[in-house]
Protein chains: 2
Amino acid sequence: MADPRPVGFFDSGVGGLTVLREVLRRLPRESTIYLGDNGRAPYGPRPDEEVIHFATECLDHLASRDVKAIVVACNTASAVALGELRRRYDVPILGVVRPGATAAALATRNRRVGVIATQATVRSRAYFGAIKDENPFIEVYEHATPALVPLVEAGSLDGAEVEAAVARSVAPLLGRHGPSTGIDADAVFPLPAGERIDTLLLGCTHYPLLGEVIARAVGPGVAVIDSASATASALASLLEVQGMATDRTAATHVQLTTGDVDGFRRTSDLLFGSLFPSVESVEVLPLAATGQRGGEAA
Amino acid sequence: MADPRPVGFFDSGVGGLTVLREVLRRLPRESTIYLGDNGRAPYGPRPDEEVIHFATECLDHLASRDVKAIVVACNTASAVALGELRRRYDVPILGVVRPGATAAALATRNRRVGVIATQATVRSRAYFGAIKDENPFIEVYEHATPALVPLVEAGSLDGAEVEAAVARSVAPLLGRHGPSTGIDADAVFPLPAGERIDTLLLGCTHYPLLGEVIARAVGPGVAVIDSASATASALASLLEVQGMATDRTAATHVQLTTGDVDGFRRTSDLLFGSLFPSVESVEVLPLAATGQRGGEAA
């Protein structure tokens with residue numbers, strides 16, 4: 001039953017590498033193909049239709065490389081496009097929203113969870129629903145933090161500018177805002193006065209790359225949770241249960257980007273050292289007009 | 001920490017009584033208030049906006065009776081309105097879609113699950129997403145079966161007419177249909193030729209009342225799963241974890257219907273015998289225009 005084919009990973013850019021890293025720790029025998037759509041990142045400010053369109057183009061490319069499963073390691077695409085993608089392909093597709101929601105629901109003690117994510121993810125309310133499904137007693141406070149993905153995509157992972165952007169991004173979830181600041185304009189469910197969260201869910205796979213800065217900004221009283229570890233567990237469990245794990249020992253890894261190869265390599269080197277020597281440029285094909293939303297296609 | 005307040009249950013009609021029955025088995029100390037909107041059943045053929053509107057009116061009524069939690073024991077309302085309802089009330093709300101999906105994902109061996117449900121539930125694709133979240137390797141075939149709820153609401157639970165309606169309803173999921181019959185017009189994901197399901201999820205809380213007829217129609221090779229038991233487990237777990245279970249021994253039960261009291265009582269007697277002697281007529285208040293979709297309202 002062993003299946004040596006690679007697992008595909010997709011993200012709008014480099015953020016999904018945080019999920020890939022956890023998968024390599026958990027499943028060192030599995031081969032992988034990672035596709036980052038850096039040329040068109042960030043996805044967060046884009047309308048849903050465009051996110052679905054871009055994600056489909058990228059998954060068409062991964063599907064053409066005979067992957068045995070695909071991890072949509074992008075919260076925006078998971079929140080907005082997962083249903084469409086799952087209908088389009090025969091290959092099983094895992095998202096990151098449900099694993100992240102499960103991890104956050106398990107982590108909170110005071111039943112107050114904050115979520116920072118892109119605008120599109122917050123707008124979808126996918127985390128609200130997923131966390132409430134786990135435990136409807138949990139209050140969920142969501143806040144869109146559009147400044148962070150562009151920083152990560154530009155390779156800015158620390159320093160004064162990053163500290164300031166992170167501080168501004170998490171302030172509304174820490175009660176450090178007032179009507180005069182206007183900085184909670186992107187919050188769908190603002191934190192009421194007097195409430196405090198004890199868990200912050202990083203609802204974007206780019207954010208763990210700023211994990212240390214975020215942890216300092218929220219302080220030791222708030223657990224910072226991301227979906228990478230939970231997603232890796234879900235993938236491991238599925239491959240095992242379905243008899244699709246590989247028993248090969250020589251895993252191969254391919255990293256593809258639609259954008260700047262050097263920028264991608266810098267982030268990849270930071271996360272993996274020399275494990276992935278090669279990053280390739282790739283061009284995804286535009287969707288044929290008829291296949292664009294073809295529910296039963298492929 | 002014990003909380004003696006009742007748990008509220010809501011359904012478009014009598015179907016949610018199948019969930020209530022499982023809850024009483026699991027949690028005999030809990031008091032309950034059940035509200036069936038029989039006067040406006042079935043919900044399945046209605047547009048989403050109307051389902052949300054009616055469900056909100058009914059939950060406003062339950063919330064006014066100081067319930068500690070609400071079970072939306074109606075798949076149509078769970079699939080279409082759960083997000084809106086959870087945003088409207090402070091009281092925690094459990095739906096039936098996720099528990100049912102979890103149960104079906106655990107039950108299947110050949111990773112082929114059929115779902116029968118109302119049109120609105122199938123249209124929402126809530127079961128597709130929820131089952132794929134559990135295990136994206138599972139193929140999900142959904143089929144809308146609008147004939148069944150009216151039968152149950154009318155108290156027709158067996159006999160030739162019911163047998164025939166059930167046989168027609170499940171035929172497309174058993175491969176017993178051809179292009180000429182046209183009876184799979186309501187299937188979103190029709191079963192491909194040569195495939196067979198080994199699990200049928202009853203994606204409507206009315207359908208377990210036809211459970212024996214359905215089991216005979218699909219035959220012994222197909223496990224028939226409903227969300228009642230899984231929903232009762234989810235409620236038990238939540239009340240326990242959150243310290244909100246009651247320690248009283250004298251539970252009280254109230255059944256309310258917006259429709260025909262005698263018809264409701266017949267189904268209730270069938271399920272519970274004399275446990276619930278009283279069924280009361282109730283009128284839910286129309287929503288104030290301003291409160292109709294008030295996301296932040298309580």
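Quick note: the coordinates plus some simple rules give every number you see, no bench work behind them. As the structure is a computational prediction, the values presented were derived from the model and not from experiment. A quick note on method: Cβ atoms are made from the backbone with ideal geometry, for glycine too, and the neighbour counts reach across all protein chains shown.
Charge tally for B:N110 (other residues, Cβ to Cβ under 11 Å; Lys, Arg +1; Asp, Glu -1): +1. Report the paramagnetic label zone for A:E280: residues of the range A:17-51 whose backbone N is under 12 Å from a point 7 Å from Cα along the Cα-to-Cβ axis. From the range A:17-51, the list is A:33-35. Computed from label points 7 Å out along Cα-Cβ, the spacing between B:A154 and B:R216 is 1.9 nm. Using just its DSSP H runs of length 4 or more, each adding -39500 (n - 2.57), chain A gives a mean residue ellipticity at 222 nm of -12000 deg cm²/dmol after division by all residues.
What the Cα atoms of the range A:194-242 give is an Rg and a Dmax of 13.9, 47 Å. With R₀ fixed at 41 Å, the C-beta to C-beta distance from A:V261 to B:D66 puts the FRET efficiency at about 0.10. The mean number of Cβ atoms from other chains found within 10 Å of a Cβ in peptide B:125-136 is 5, as a whole number. Remark on B:F9: its backbone amide H falls under 5 Å from those of B:I33, B:Y34, B:L35, B:V71, a criterion applied only to residues 5 or more positions apart or on other chains, H modelled at 1.01 Å from N. Note on the range B:72-203: Cα Rg divided by 2.2 N^0.38 Å, N the number of residues, gives 1.09.
Taken one residue at a time, the phi angles of the range B:43-57 give Karplus couplings (6.51, -1.76, 1.60, θ = phi - 60°) of 7, x, x, 7, x, 3, 4, 6, 4, 4, 4, 5, 4, 5, 4 Hz. Gly and Pro are set to x.
Note that chain B, at 37 °C in a medium of 0.692 mPa s, gets a Stokes-Einstein diffusion coefficient of 170 µm²/s from its Kirkwood radius over C-alpha pairs.
Excluding the sites themselves, what is the longest stretch of chain A that contains no GluC sites (Glu not before Pro) in a DSSP loop with at most 11 other C-beta atoms within 10 Å? Within chain A, the longest run free of exposed GluC sites (Glu not before Pro) spans A:1-282.
The value of relative contact order for the range A:26-156, using C-alpha pairs under 8 Å at least six residues apart, is 25 percent. Among A:L239, B:L200, sorting on how many other beta-carbon atoms sit within 10 Å of each Cβ, with the fewest leading, yields A:L239, B:L200.
If the segment from A:D269 to A:D90 were pulled out straight at 0.36 nm per residue, it would be longer than the present Cα-Cα gap by 61.1 nm. Counting neighbouring beta carbons within 10 Å and listing from fewest to most, the residues A:V282, B:V91, B:V71 come out as A:V282, B:V91, B:V71. Around the Cα centre of the range B:50-136, unit charges on the Cβ atoms of Lys, Arg, Asp and Glu (plus for the first two, minus for the last two) sum to a dipole of about 480 debye. Each Lys and Arg adds +1 at its Cβ and each Asp and Glu adds -1 at its Cβ; summed about the Cα centre, the range B:99-165 shows a dipole of about 400 debye.
Between A:S64, A:S278, A:S227, the Gaussian network model of chain A with springs among Cα atoms under 10 angstrom shows the greatest mean-square fluctuation at A:S64. Quick one: net charge around B:L20, please, counting Lys, Arg +1 and Asp, Glu -1 for every other residue with C-beta under 12 Å from its C-beta. Cβ neighbours under 12 Å give a net charge of 0. Inter-copy label distances at B:E212, shortest first and taken from points set 7 Å along Cα to Cβ: 6.8 nm.
For the range B:190-203, the Karplus equation 6.51 cos²θ - 1.76 cosθ + 1.60, evaluated at θ = phi - 60°, returns couplings of x, 5, x, 4, x, 7, 9, 8, 10, 9, 10, 8, 7, x Hz by residue, with Gly and Pro reported as x. Distances from A:T252 to itself in the other copies, using label points 7 Å out along the Cα-Cβ axis, amount to 7.2 nm in increasing order.
The Rg/Rh ratio for the range A:26-133, using Cα coordinates for both the radius of gyration and the Kirkwood hydrodynamic radius, is 0.99. Rounded to whole numbers, the Karplus 3J(HN,Hα) couplings from phi for the range A:11-18 are 8, 5, x, 8, x, x, 4, 5 Hz, using 6.51 cos²θ - 1.76 cosθ + 1.60 with θ = phi - 60°, and x at Gly and Pro.
For A:S237 and B:T249, the FRET efficiency from 1/(1 + (r/R0)^6), where r spans their Cβ atoms and R0 equals 51 Å, is about 0.80. D by Stokes-Einstein for the range A:17-88, Kirkwood Rh over Cα pairs, 37 °C, 0.692 mPa s: 252 µm²/s.
Under 5 Å from the amide H of A:Y141 lie the amide H atoms of A:V113, A:G114, A:V115, each residue being 5 or more positions distant or on a separate chain, with H modelled from the backbone and absent for Pro and chain starts.
Pair-distance distribution P(r) for the protein assembly as shown, from all Cα-Cα distances in 10 Å bins starting at 0: 3, 17, 26, 25, 18, 9, 2, 0 percent. In nanometres and ascending order, the distances from the B:P47 label point to those of the other copies are 2.1 (point 7 Å from Cα along Cα→Cβ). Near the amide H of B:A223, within less than 5 Å, lie the amide hydrogens of B:T199, B:L200, all on another chain or at least 5 residues away, with H placed in the peptide plane. Net charge dipole, the protein assembly as shown: roughly 840 debye, given to the nearest 20, about the Cα centre with Cβ charges of +1 for Lys and Arg and -1 for Asp and Glu. Using C-alpha pairs below 8 Å separated by at least 6 residues, the relative contact order for chain B is 28 percent. Treating cross-link reach as a plain straight distance, find the lysines whose alpha-carbon is under 20 Å from the alpha-carbon of A:K68, omitting any fewer than eight places away in the same chain. Excluding near neighbours in sequence, the set is B:K132.
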